[in-house]
Amino acid sequence: MTSTNGVTSANGECPRIIRTLIADDQEGVRRGVRRILAARPDIEVVGEAADGLAALELAAELRPDVALVDIRMPRMDGLELTRRLAGPGVAEPVRVVVLTTFDLDEYVYPALRHGASGFLLKRSGPSLLVEAVRAAADGESLISPSVTVRLLRQVTAPRRPEPRSAPVVPLTEREMEIAGHVAAGRTNADIAAELFISPGTVKTHVASVQRKLGVANRVGIAVHAWEMGYPVPQ
């Protein structure tokens, strides 16, 4: 039997283990996050770093599946670390979830543009932390609900920082529609049910949108949709 959280498999084989790196300058935070993740059989913490440069070096050595990255760290902050681990042009990107106390727009937008697969507030709780790690490992994204709500409220704002230009290859109407649903945080299954198409068709459209926009993941699609003013379902 296959569980919904990926812990067991249908054929009884060992589950996939998500190798995770924690980067935070506070030892207490690292210890708490490690304790939460270690309690899950499908997640293994393979390393910890107290500053951004050490995290970058560990990531190159350990090749984790997911890196949990704090924003404010010595030697290299979390934004630059995210860019170097997951940004455009990185040959073998690591999926990054930004885990921080601060949800300021000056952090949220750059983190997402630099390739982060998620943006999670430290007060979000253990369940959301684990869900964010699993989502990142699966190529999905998770953003703290309070941050998502604020971003969606800004869809109609007259100005946004560093506006994104239209893609060289324009999106079709269907692709723009699906990009809007992605920006609303909906899964492929949710979008398929809403638009009366198959999840496989949605997956194909999402891949096409990523290719046209030159983004690494669904967060990149969401950022583009918000900035270009695509209709985002509530």
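The values are calculated or read from the model by the stated rules, or taken from the named source; none is laboratory data. Treat the numbers as computed from the prediction; the structure is a model and nothing was measured. FYI the Cβ positions are ideal-geometry reconstructions off the backbone, even for glycines, and counts take in every protein chain you see. In case anyone asks, the SASA skips ligands and DNA or RNA and just uses the protein heavy atoms, side chains included. Shrake-Rupley method; radii C 1.70, N 1.55, O 1.52, S 1.80 Å.
I want to confirm something. Restricting to the range 58-86 and keeping residues that are more than 14 Å from the chain's Cα centre (by Cα) and of a type in the set (Lys, Arg), which single residue is most open to solvent (accessible area, probe 1.4 Å)? Filtering first and then ranking leaves 75. When the range 65-93 is filtered for residues that are under 22 Å from residue 37 (Cα atoms), free of Cβ contacts under 8 Å to residues at least 60 places away in the same chain and not charged (D, E, K, R), the ones remaining, listed by number, are 67, 69, 71, 73, 78, 81, 82, 85. For the range 35-53, the condition holds for at least one residue, the condition being that it is without any contact (Cβ under 8 Å) to a residue 12 or more places away in the chain and out of contact with any strand residue (DSSP E or B) (no Cβ under 9 Å at 6 or more places or on another chain). Scan the range 124-133 and give yes if some residue there is in contact with a Ser or Thr (Cβ under 6 Å, 6 or more places away or on another chain) and open to solvent by 10 Å² or more (accessible area, probe 1.4 Å), otherwise no. Checked the range 124-133: at least one residue is in contact with a Ser or Thr (Cβ under 6 Å, 6 or more places away or on another chain) and open to solvent by 10 Å² or more (accessible area, probe 1.4 Å). Among the residues making up the range 22-44, those that are closer than 20 Å to residue 56 by Cβ and part of a loop (DSSP other than H, G, I, E, B) are 24, 25, 26.
Would you say residue 210 is within 21 Å of residue 95 (Cβ to Cβ), out of contact with any Asp or Glu (no Cβ under 8 Å at 6 or more places or on another chain) and among the polar types (S, T, N, Q)?
yes
Being in a helix (DSSP H, G or I), buried (at least 20 other Cβ atoms within 10 Å of the Cβ) and touching a helix residue (DSSP H, G or I) at 6+ places or on another chain (Cβ under 9 Å) is not true of residue 200.
To keep it simple, each residue is scored yes or no on (1) under 21 Å from residue 115 (Cβ atoms); (2) part of a helix (DSSP H, G or I); (3) modelled with pLDDT of 85 or more.
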{"position": "192", "(1), (2), (3)": "no, yes, yes"}
{"position": "204", "(1), (2), (3)": "no, yes, yes"}
{"position": "207", "(1), (2), (3)": "yes, yes, yes"}
{"position": "226", "(1), (2), (3)": "yes, yes, no"}
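Taken over the range 205-216, the criterion of being exposed (fewer than 14 other Cβ atoms within 10 Å of the Cβ) and free of Cβ contacts under 8 Å to residues at least 60 places away in the same chain is satisfied by 207, 211. For residue 7, the conditions (1) assigned to a loop (DSSP other than H, G, I, E, B); (2) modelled with pLDDT of 95 or more all hold with the exception of (2).
Taken over the range 46-57, the residue count meeting the criterion of being open to solvent by 20 Å² or more (accessible area, probe 1.4 Å) and either under 20 Å from the mean Cα position of the chain (by Cα) or within 12 Å of residue 96 (Cα to Cα) (or both) is 3. Residues in the range 140-190 that are under 30 Å from residue 129 (Cβ atoms), at pLDDT 60 or above and polar (S, T, N, Q): 141, 144, 146, 187, 188.
The set of residues from the range 45-76 being part of a loop (DSSP other than H, G, I, E, B), of a type in the set (Asp, Glu) and either modelled with pLDDT under 95 or within 26 Å of residue 127 (Cβ to Cβ) (or both) comprises 65, 70.
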